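Chemist: Would you mind keeping the following structure in view while I ask a few things?
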Amino acid sequence: MNTRRIFKLSLKNFLKPSRTSIIKLMSALSAAYLLASQSSFAQTNNNVDSINVNNIENINQQNTITIEDLQEEFNDETFDLSSSEVGYGEKYKNANLDDKNAFYNGGGDFTKYGRDIEASGMYAKGQKLNSSWWCKTYVDWLLYQTISKIIKKYDLNLDAAELTCDLLLQKKGGPVIRVSQMCEKFEKAGLVAETAEQGDIVAIEKIQLDDNGIIIADDITHTALVVKSEQTRNGYTYFFIGEGNSPNAKGEEKGKVRRSGLFYKKDEQGHNILYDPNAKPNPNEIQIVRIFSLPYEIIFNKILEKININKEQTTNIETSKTLYPAQFK
């Protein structure tokens, strides 16, 4: 058979292949396509994994919050809030409580602070805070409002009244705690502080003496929140407080919210003796500044726990969006 004949037969066989040849050819093509697809998918998947790892790391870095961050945020909020309340005065009757300028000098003790804390659930129903001395209620209100704002900011399922009570070592829904009772609780818990830092609580102890220097009265009736940490000047230490139901002062009205500077100096017994640079010393009276550091770590740990749960859920969602973007369109 000549060469031309062989070529024609081979070409004919190629143009009209057998069924077996077709099956073999299709199998080979399928295998080649599958191999190419796997290689392309592996390359794409590696790129996605690389992008995903970077994104997750960025998400975690952006959402990392520490106790120090919360303390700074808390202090900033209480400072701003106490500043905005300066000048608010108590009312003679239970009306116009939100009107900062409606003020009656010297009676009534009706305030929005008492109304709000009564409604908060911090204390048992029927406990009268509105129309009562309200320096402690004002401190409660500052702490409660700040905690409420943080809870709302981070969208946390937490009870602001309960956290405020935790911070003050009180039981939610219990009786009203007076200033002297608060000091006793703090002392038993070892919260007495040597220096006044922002976020601390101070109480003023007033000791009355007779002409022979004998104590005839000793009472703790006033408290406030430290809004600016202490400094030293001319041998005296001073710091700033946010206080409600402020006591009488020279040229000032009673029953208002103030931001005041307190000066004190330690005596030989280590007591913080209050000093008023604008007043004459009273030989029959000594005022002692008692400083307490609140246990913020108790509430901040609870807040961080909830934030981390929310962050973990958010990270899982962001990871899914990165790996499977089509499912979130």
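Chemist: Could you list, in sequence order, the residues of region 174-188 that are modelled with pLDDT of 95 or more, of a type in the set (D, E, K, R) and within 13 Å of residue 136 (Cβ to Cβ)?
Modeler: Selection gives 185 alone.
Chemist: Oh, and also: Suppose the filter is among the β-branched types (Val, Ile, Thr), more than 22 Å from residue 169 (Cβ to Cβ) and at pLDDT 90 or above; does residue 298 pass it? Even if it seems obvious, please write down each step before you answer.
Modeler: Details: among the β-branched types (Val, Ile, Thr): yes; more than 22 Å from residue 169 (Cβ to Cβ): no; at pLDDT 90 or above: yes.
In short, no.
Chemist: Right, here's the next one. When both residues are 6+ apart or on different chains and their Cβ atoms are under 7 Å apart, which pairs have a first residue that lies in region 251-272 and is over 19 Å from residue 226 (Cβ atoms), and a second that is acidic (Asp, Glu) and modelled with pLDDT of 90 or more?
Modeler: Hits for this filter: 255/90.
Chemist: Go through region 158-216 and give me each residue that's assigned to a strand (DSSP E or B) and within 25 Å of residue 132 (Cβ to Cβ).
Modeler: Kept after step one, since they are assigned to a strand (DSSP E or B), are these residues of region 158-216: 174, 192, 201-209, 215-216.
Matches in region 158-216: 174, 201, 202, 203, 204, 205, 206, 207, 208.
Chemist: Please state which one of 154, 236 is aromatic (Phe, Trp, Tyr), in the same structural domain as residue 74 (by TED's automatic domain parsing) and within 19 Å of the chain's Cα centre (by Cα). Steps first, please.
Modeler: Values: 236 fails: within 19 Å of the chain's Cα centre (by Cα).
Among 154, 236, only 154 is aromatic (Phe, Trp, Tyr), in the same structural domain as residue 74 (by TED's automatic domain parsing) and within 19 Å of the chain's Cα centre (by Cα).
Chemist: Evaluate region 196-211: report whether one residue or more is more than 20 Å from residue 82 (Cβ to Cβ) and small (Gly, Ala, Ser).
Modeler: Kept after step one, since they are more than 20 Å from residue 82 (Cβ to Cβ), are these residues of region 196-211: 205-211.
Filter once more, keeping what is small (Gly, Ala, Ser): none.
No, that holds for no residue.
Chemist: Name the residue that is surrounded by the most Cβ atoms within 10 Å (Cβ to Cβ), counting only residues in region 142-154 that are free of Cβ contacts under 8 Å to residues at least 60 places away in the same chain and touching a helix residue (DSSP H, G or I) at 6+ places or on another chain (Cβ under 8 Å). Before you say what the answer is, go through the steps one by one.
Modeler: Step one: list which residues in region 142-154 are free of Cβ contacts under 8 Å to residues at least 60 places away in the same chain, which gives 144, 148, 152-153.
Subsequent filtering for residues that are touching a helix residue (DSSP H, G or I) at 6+ places or on another chain (Cβ under 8 Å) retains 144, 148.
Numbers: 144: 22, 148: 17.
Checking each candidate, the answer is 144.
Chemist: Still on this structure, I have one more. Looking for something surrounded by 14 or more Cβ atoms within 10 Å (Cβ to Cβ), out of contact with any Cys (no Cβ under 9 Å at 6 or more places or on another chain) and either modelled with pLDDT under 95 or closer than 26 Å to residue 255 by Cβ (or both) - is there at least one such residue anywhere in region 211-223?
Modeler: Initial filter on region 211-223 (surrounded by 14 or more Cβ atoms within 10 Å (Cβ to Cβ)): 220-223.
Narrowing further to those that are out of contact with any Cys (no Cβ under 9 Å at 6 or more places or on another chain): none.
No: region 211-223 contains no residue that is surrounded by 14 or more Cβ atoms within 10 Å (Cβ to Cβ), out of contact with any Cys (no Cβ under 9 Å at 6 or more places or on another chain) and either modelled with pLDDT under 95 or closer than 26 Å to residue 255 by Cβ (or both).
Chemist: Now a separate question. Determine whether residue 194 is modelled with pLDDT under 95 and loosely packed, with under 13 Cβ neighbours inside 10 Å.
Modeler: On the way: modelled with pLDDT under 95: yes; loosely packed, with under 13 Cβ neighbours inside 10 Å: yes.
Yes: the conditions hold for residue 194.
Chemist: Taking residue 133 as meeting all but one of (1) surrounded by 14 or more Cβ atoms within 10 Å (Cβ to Cβ); (2) part of a helix (DSSP H, G or I), write down the number of the exception.
Modeler: The single condition residue 133 does not satisfy is (2).
The values are calculated or read from the model by the stated rules, or taken from the named source; none is laboratory data. Remember, predicted model here, so these are calculated numbers, not experimental data. Backbone-built Cβ (ideal geometry, glycine too); neighbour counts: all protein chains shown.
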